[in-house]
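The block underneath contains the structure these notes are about, expressed in structure tokens.
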Amino acid sequence: MTSQPPSPPSQPEQHPAETVPTCYRHPDRETWVRCQRCDRPICPDCMRDAAVGFQCPECVADGNRGVRQARSTFGGAVVATPYVTWTILALNLLVFGAQYLTNGLATAQLEMLPFRVAVQDQYYRLLTAAFVHGGVVHILFNSWALYVIGPYLERAFGHVRFLAVYLLSALGGSVLGLWLDPLAQPTVGASGAIFGLFGAVFVVGRRLNMDVRGIALLIVLNLVITFTVSGISWTGHVGGLITGSALAAAMAYAPAKSRTVWQALAAVGTLALLAVLVMVRISAILAAL
């Protein structure tokens, strides 16, 4: 009987090498980590911490679209640090230093002077005067007032709305001065803007049902000083108070559903009204010369 040759040993089954995945955003980078949401491979630069594992940047951005962003009391972005207040304070101090170093030349170039605004078209003076001060006591008082109430209002309105109230209050004070001050009378100081902030604090307090007797007393006392102490521009103070109070009221009482639109219209409308008042007054001055 013929014997059969032994069968050859069986060969192990061959499998193709598994392909190493690469990041969907960086194809040159190998990775074994996948997004927990879309299951695409992501490299360390694309990993974003999630409740479980990691997500890719696109999934994180898509998820954030449905998250309602926190807002300030009157619709602005939440303010952690009042950068606008600190910036205005720094500008005031820098300009005051320039006044000192230039021996008054900077003052002459930036102060509010109705004649130069009307006859020489130097409209910038309507706003730059708010950053010029008449002495150490003057800038210290305005800086202290801004330091105290500026952060409070900036957190209530947000950066942009607060800046609008401040600058338009300063402009409102200059516009009233353009109408009622002698043409050759120079005016300097942030007091118009500060009075506008005083008015805004009063409005905000009333809107939030807070006790406003303290700020009301402060406004009255400062108005008494304004009208009893010589050398103080009552037009700047009153103009700033009226403008700041009116604009703050429009922002604070704007309908919640369309608040941003109404607030933007209020700011633009205030600027337009002040511009018209400037043009009308300049026309009258030029006609009288």
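The values are calculated or read from the model by the stated rules, or taken from the named source; none is laboratory data. Given the structure is predicted, the values throughout are model-derived calculations rather than measurements. Cβ coordinates were reconstructed from backbone atoms using ideal geometry, including for glycine residues, and neighbour counts include every protein chain displayed. What goes into the accessible areas is simple: the full protein's heavy atoms, side chains included, and nothing from ligands, DNA or RNA. Shrake-Rupley method; radii C 1.70, N 1.55, O 1.52, S 1.80 Å.
Overview of results
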{"read-out": "Positions within segment 172-192 being open to solvent by less than 30 Å² (accessible area, probe 1.4 Å), hydrophobic (A, V, I, L, M, F, W, C) and within 12 Å of residue 126 (Cβ to Cβ), in sequence order", "value": "175, 178"}
{"read-out": "Of all residues in segment 244-265 being open to solvent by less than 20 Å² (accessible area, probe 1.4 Å) and in a helix (DSSP H, G or I), the one that is farthest from residue 124 (Cα to Cα)", "value": "252"}
{"read-out": "Filter result for residue 98 (modelled with pLDDT of 95 or more, over 30 Å from residue 279 (Cβ atoms), within 18 Å of the chain's Cα centre (by Cα) and open to solvent by 20 Å² or more (accessible area, probe 1.4 Å))", "value": "no"}
{"read-out": "All positions within segment 207-221 that are more than 26 Å from the chain's Cα centre (by Cα) and within 16 Å of residue 238 (Cβ to Cβ)", "value": "220, 221"}
{"read-out": "Neighbours by Cβ (under 6 Å, 6+ apart or cross-chain): first from segment 165-184, over 19 Å from residue 268 (Cβ atoms); second of a type in the set (S, T, N, Q) and crowded, with 24+ Cβ neighbours inside 10 Å", "value": "177/187"}
{"read-out": "Residues located in segment 208-227, provided they are part of a helix (DSSP H, G or I) and either small (Gly, Ala, Ser) or open to solvent by less than 90 Å² (accessible area, probe 1.4 Å) (or both)", "value": "214, 215, 216, 218, 219, 220, 222, 223, 224, 225, 226"}
{"read-out": "Among (1) surrounded by 18 or more Cβ atoms within 10 Å (Cβ to Cβ); (2) without any contact (Cβ under 8 Å) to a residue 60 or more places away in the chain; (3) part of a loop (DSSP other than H, G, I, E, B), the one test that residue 230 misses", "value": "(1)"}
{"read-out": "Any hit, segment 77-85, residues being at pLDDT 90 or above, under 17 Å from the mean Cα position of the chain (by Cα) and open to solvent by 30 Å² or more (accessible area, probe 1.4 Å)", "value": "yes"}
{"read-out": "All positions within segment 109-130 that are more than 26 Å from the chain's Cα centre (by Cα) and touching a residue at least 60 places away in the same chain (Cβ under 8 Å)", "value": "113, 114, 115, 117, 118, 119"}
